[in-house]
Amino acid sequence: MLNIKDLCVSYGAISALKGISLTVNDGELVTLIGANGAGKTTTLHTISGLLKASSGTIMLDDIDLQKTPAHKIIEYGMAQVPEGRHVFAQMTVLENLYMGAYSISDKKKIEDNIEWVFHHFPRLKERSKQLAGTLSGGEQQMLATGRAIMTNPKIVLMDEPSMGLSPLLVSEIFSIIKELQKSGITILLVEQNAKMALSIADRAYVLENGKISMSGNASELLNDERVKKAYLGA
Amino acid sequence: MSTFMQFITTGLRLGSVYALIALGYTMVYGIIKLINFAHGDFIMVGGYTLFFTIPAFMKLGLPGWAAVFIAIIVCAVVGMLVELLAYRPVRKRGNNLTSLITAIAMSFILENLAQAIPAIGPDPRVPYMLFNNDIKIGSFSISVATLITIVVSAIIMIGLYQFTQKTKIGRAMRCVSEDKQAAVLMGINVNKVIIITFAIGAGLAAVAALMYIAQYPKVTTTMGATLGIYAFVSAVLGGIGSLPGAMLGGIIIGIVQSGTSTYISSSMADTFVYLILIVVLMVKPAGILGKNIGEKV
């Protein structure tokens, strides 16, 4: 599905990514974990076209994402839940969902997808007329996720969905992510909360100072001594 | 009583023109956080286009006011060119300050070009008078120009508001205005939305130009500067970035100007306009309808 090879990204003279390679296969839930400043968000922004790479390739099936304008990427089946949610605060919940479906014009499909999102997130249905800015952090995360699946994407990139949420909400959000995977969506999950991420993911990559330092089965990494020491506080 | 009605209608008419122009300022500001100082000069472009096209239309047996459609197209094209050739390249490389100075430069370039091109400037032109008859209701009389200005502006403003609320492209404009990064993720072509915003704003300036010259039949190369400032003040007063704010601000400025001229002295009009601006900004720094919404993190 998603294939990244030798990706290098720099902000001026500072290089943020120093040649990372990773693969996400169809139907997988892959997580990219790492500390603050390791380059997680840089990786996601480069995939979604908000940043330009200095070298390397990013392929979504047979489409070269670096040659695709950022706003076109969603039409190829890749959606994103950005860090900090970025819901449209001055629009209602329902309007936010409509914006998620901006790239599709089939009205029937849009309505079906809204039903589908409301099925996954009943709380959004209750608040559909409310301005998104008045929602709680957890509800905003649900809205950002719901908005991302409005196009029936093949793959969803999720950036730090647990950020700023209470442990209870974090496990609620993570069970939703798992549910989305079960419904057939491939997921690349970027997380600081390594324990939670590893517990639901199939495979994982550990990012350190712009390089992949470890990779493998999520369950194995969860029990790896180095990972435990560095990320799980054990 | 008739003095009072006269003051209200004059105020509404002036205010409607300011509001139409203020919408252009506020839309562009909302979307790229730029005070487009060249926006006032789009009125001048519209004014000259009307000066040339109204007689041509009448020669062809068409109604003179229909020339406004040509003016809308000309202004929209000029607006898009300004964005494409000046603002976009500068925005890509610079910051808000470089954009601002580019806008001021663009304003002078447009005015200067108009002065330098022999067919246009530098002398003022007197356009054909449109709608120059009155309607009398009892002792009260209102000019057709006033009535048309108020009604057409109201329709345009309501239409524009509905456009931003209900249409796909209108919603995209609100998204870009609120969060460009998220807008891109939704599949919105941000540059396309920005250029459409410029086209609409400049088109509204063309309509304002028609309304304005129907009342004050004189087109000069610097007419956009004064009108532009009043409209800009209207936008800030109402809350820049807010469409209803621009409308409200325009109407308030128009009423204050007309009221001061009627009851105090026309030479005091500006004093009151700016006095009210300062007082409102002291009480509500974001403008009357401006919002300062804290972001939830």
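The values are calculated or read from the model by the stated rules, or taken from the named source; none is laboratory data. Please read these numbers as outputs of a predicted model, since none were measured by experiment. Counting neighbours? That spans all protein chains shown, and the Cβs are built from the backbone with ideal geometry, glycine included. The area values use the complete protein model at the heavy-atom level, side chains included, leaving out ligands, DNA and RNA. Shrake-Rupley method; radii C 1.70, N 1.55, O 1.52, S 1.80 Å.
Taking Cα pairs under 8 Å and at least six residues apart, what relative contact order does the stretch A:2-231 come out at, in percent?
29 percent
Expressed in nm to one decimal, what extension gain is obtained for the pair B:Leu60 and B:Tyr263 from 0.36 nm per residue of sequence separation less their Cα-Cα distance?
Gain on extension, B:Leu60 to B:Tyr263, equals 68.6 nm.
What is the local net charge at A:Pro161, summed over the other residues whose Cβ is closer than 11 Å to its Cβ (Lys, Arg +1; Asp, Glu -1)? Provide the component values of the computation, followed by the final result.
On the way: positive: A:Arg85; negative: A:Glu83, A:Asp159, A:Glu160, A:Glu172, A:Glu191.
Net of charged neighbours comes to -4.
Using +1 on the beta carbon of Lys and Arg, -1 on that of Asp and Glu, and nothing else charged, what's the dipole of chain B about the Cα centre, debye to 20?
Charge dipole of chain B: 760 debye, to the nearest 20.
Please list, by residue number, everything in the stretch B:126-145 whose backbone N is under 11 Å from a paramagnetic label point 7 Å out along Cα→Cβ of B:Val151.
B:144-145
Counting DSSP beta bridges with both partners in the stretch A:121-234, what percentage is antiparallel, nearest 5?
Around 55 percent antiparallel, to the nearest 5.
If you take the beta carbon distance between A:Lys178 and A:Thr23 as r and set R0 to 30 Å, what does 1/(1 + (r/R0)^6) give as a FRET efficiency, to the nearest 0.05?
Efficiency for this residue pair is about 0.90.
How much length is gained if the chain between B:Tyr161 and B:Lys218 is pulled fully straight, taking 0.36 nm per residue apart and subtracting their Cα-Cα distance, in nm to one decimal?
The B:Tyr161-B:Lys218 span can extend by a further 17.4 nm.
Contact order normalised by length for the stretch B:213-297, with contacts defined as Cα pairs under 8 Å and 6 or more residues apart; what percent is it?
28 percent
With just the Cα atoms defining each centre, how far is the stretch A:121-166 from the stretch B:190-249? Give it in Å.
38 Å
Could you provide, to the nearest whole Å², the per residue accessible area of the protein assembly as shown with probe 1.4 Å? Intermediate values should be presented prior to the final figure.
Details: 23080 Å² over 531 residues.
Value for the protein assembly as shown: 43 Å² per residue.
Only Cα pairs under 8 Å and at least 6 apart count here; give the relative contact order of the stretch B:113-181 as a rounded whole percent.
13 percent
Rg to Rh ratio, chain A, alpha-carbon atoms and Kirkwood radius?
0.96
What is the average number of partner chain Cβ atoms found within 10 Å of a Cβ in A:81-87?
That average works out to 4.
Tally the DSSP beta bridges in the protein assembly as shown and give the antiparallel ones as a percent, rounded to 5.
60 percent
Take every residue in peptide B:171-184, count the Cβ atoms of other chains within 10 Å of its Cβ, and give the average of those counts.
Averaged over the peptide's residues, the number is 5.
Determine the gain in length on full extension of the stretch A:Gln192-A:Gln66; use 0.36 nm per residue of separation and subtract their C-alpha separation, reporting nm with one decimal.
Working: separation 126, 0.36 × 126 = 45.36 nm, distance 2.62 nm.
Length gained, A:Gln192 through A:Gln66: 42.7 nm.
Debye sum, Cα scatterers, the protein assembly as shown, no solvent: what log₁₀ I/I(0) at q = 0.12 1/Å?
Debye intensities relative to I(0), on a log10 scale: -1.07.
Measure off 7 Å from each Cα along the Cα-to-Cβ vector at B:Phe272 and B:Lys291, then give the distance between these two points in nanometres to one decimal.
3.3 nm
What is the spin-label model distance, in nm, from A:Asn3 to A:Lys211 if the labels are put 7 Å beyond Cα along the C-beta direction?
That separation, rounded to one decimal, is 2.5 nm.
Just report the Cα centroid separation between the stretch B:2-61 and the stretch B:159-184, whole Å.
So the two Cα centres are separated by 23 Å.
In nm, give the distance between the simple-model label positions of A:Lys125 and A:Ser171, each being 7 Å from the Cα along the Cα-to-Cβ direction.
Taking the two extended label points, one gets 2.5 nm.
I'd like the antiparallel share, as a percent to the nearest 5, of DSSP beta bridges with both residues in chain A. Write out the running numbers ahead of the final one.
Details: 22 of 40 bridges.
Rounded to the nearest five, the antiparallel share is 55 percent.
What percentages make up the Cα-Cα pair-distance distribution of the stretch B:20-222 when the bins are 5 Å wide from 0?
1, 8, 14, 18, 18, 14, 11, 8, 5, 2, 1, 0, 0
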